[in-house]
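A quick write-up on the structure given underneath.
The values are calculated or read from the model by the stated rules, or taken from the named source; none is laboratory data. Everything quoted here is computed from the prediction, not taken from an experiment. Here the Cβ positions follow ideal geometry from the backbone for every residue, glycine too, while neighbour counts run over all protein chains shown. To get the accessible areas, we keep the full protein, side chains included, count just its heavy atoms, and leave off ligands, DNA and RNA. Shrake-Rupley method; radii C 1.70, N 1.55, O 1.52, S 1.80 Å.
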Amino acid sequence: MQEIGILGAGLIGASWASFFAAQGLNVRIYDVNETVKQKALDVARANLQGLVDLKLLTPEEMQHAVSNMRLVDSLQELLAEIDFVQESVIEDYAIKADVYREFEQHAPDTAILASSSSGLLMTRIQSVLKHPARALIAHPFNPPHLIPLVELVPGEQTAASTVETVKNYFLKLGKHPVILNKEVPGHIANRLAAAVWRESLALLDEGVASVEDIDAALCQGPGLRWAMMGQHLIYELGGGAGGYQKFIDTIGASFEEYWNDMQTWTSIPESAKQKAVAGTQAYLKQKSRSEWAAWRDEKLARIQQVLREE
Ligand SMILES: NC(=O)c1ccc[n+]([C@@H]2O[C@H](COP(=O)([O-])OP(=O)(O)OC[C@H]3O[C@@H](n4cnc5c(N)ncnc54)[C@H](O)[C@@H]3O)[C@@H](O)[C@H]2O)c1
């Protein structure tokens, strides 16, 4: 699949554009908002320059990638003879339904439609399509041009062959696809993030520690291991010679005690919201938001370089 359509060119769409362009593919970019669309090209260029600065791309490859990206004026132009569309429009069933209907009118029958949706259900999104077998969720993690994870979630009408094709495609492009066997809101990664976030808010709201210390307890401890191991493998090692079974048998009960004491909120209390926003200002003051993003991206790239070294 050589011809890639970026449908929706905001934060995620512009990053996807730089990812596909850096792979040497032909990328067309469309957004209903003209200003966003024009800006997307600058954002994508800046992303590519970032990859050059990190030595993940040569200046020649960047030139090639930039020349492979072009803005288009209509959905029709985006979709004519397209192979693969990465849809990143606003997270809203009605808006996605409109663009999906248009996709079907203008795209070739063989084109695949992948949605970046963070938490909507593909079964519901694809219900407006006459040929739903070729649509699936391909959920990235921000920023997709730097983070390898992509969660593939079929809807009830997605063909198994579509999932297989997209999995192999992303593997070839250097991504790390994971496949969900069934749909759940938030897929895998955002559900895990939601659990950690709720507890981060609860610890703050209950006055257990400051924003700074709660975040430090994550990134100076478990976060370092999470770059290379998930919770299951971590606790396999945590059980020593007895492995995961021993960990569950001996330490599992303590976790049950923590779970009993933890919040099970399903909405964020106003007090937690206020403390989180105010407490995080202290971090922000050290750098501007864009400086923090650049700092994050440089570290992300370097961590992955280390992980690739084996
Ligand atoms: N922000 C994140 O961290 C993140 C991470 C992973 C996935 N996502 C998912 O990516 C998608 C986009 O999120 P975002 O953060 O980039 O949002 P965003 O608001 O930055 O971008 C959405 C863009 O869609 C455009 N749009 C709306 N209707 C359109 C239409 N009919 N045709 C073309 N373009 C249209 C808007 O003009 C806007 O520029 C969402 O589904 C979201 O769940 C977001």
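A few points about this structure:
- Qualifying residue in the range 50-66 (condition: within 11 Å of the ligand (Cβ to nearest atom) and surrounded by fewer than 18 Cβ atoms within 10 Å (Cβ to Cβ)): no
- The range 140-152, subset near the ligand (Cβ under 9 Å from one of its atoms) and closer than 17 Å to Lys172 by Cα, residue surrounded by the fewest Cβ atoms within 10 Å (Cβ to Cβ): Pro140
- Residue within the range 88-109 that is of a type outside the set (A, V, I, L, M), within 13 Å of the ligand (Cβ to nearest atom) and under 18 Å from Ala17 (Cα atoms) present: yes
- When the test is whether a residue is assigned by TED's automatic domain parsing to the domain that holds Phe170 and away from the ligand (no atom under 16 Å from the Cβ), Leu41 does not pass it.
- Only one of the numbered conditions (1) open to solvent by 10 Å² or more (accessible area, probe 1.4 Å); (2) away from the ligand (no atom under 11 Å from the Cβ); (3) not in a strand (DSSP E or B) is violated by Arg28, and that is (3).
- In the range 1-25, residue nearest to Val52 (Cα to Cα) [restricted to those that are within 15 Å of the ligand (Cβ to nearest atom) and open to solvent by 10 Å² or more (accessible area, probe 1.4 Å)]: Phe19
- Which numbered condition Thr123 fails, given (1) within 14 Å of the ligand (Cβ to nearest atom); (2) farther than 18 Å from Phe20 by Cβ; (3) hydroxyl-bearing (Ser, Thr, Tyr): (1)
- Ser116 vs. criteria within 11 Å of the ligand (Cβ to nearest atom), modelled with pLDDT of 95 or more and either of a type in the set (S, T, N, Q) or open to solvent by 10 Å² or more (accessible area, probe 1.4 Å) (or both): yes
- From the options Asp42, Asp92, Asp73, residue that is within 23 Å of the chain's Cα centre (by Cα), more than 24 Å from Glu151 (Cβ to Cβ), surrounded by fewer than 14 Cβ atoms within 10 Å (Cβ to Cβ) and of a type outside the set (Gly, Ala, Ser): Asp42
- Some residue of the range 50-70 being part of a loop (DSSP other than H, G, I, E, B) and either within 19 Å of the chain's Cα centre (by Cα) or under 26 Å from His187 (Cβ atoms) (or both): no
- The criterion of at least 1 residues that are over 20 Å from Glu212 (Cα atoms) is met by the following helices (runs of 4 or more DSSP H) wholly inside the range 228-310: 231-238, 243-261, 289-309.
- Flag if Thr35 is open to solvent by 30 Å² or more (accessible area, probe 1.4 Å), more than 26 Å from Pro108 (Cβ to Cβ), more than 12 Å from the ligand (Cβ to nearest atom) and of a type in the set (Ser, Thr, Tyr): no
- Residue check, Ile234 modelled with pLDDT of 90 or more and touching a Pro at 6+ places or on another chain (Cβ under 9 Å): yes
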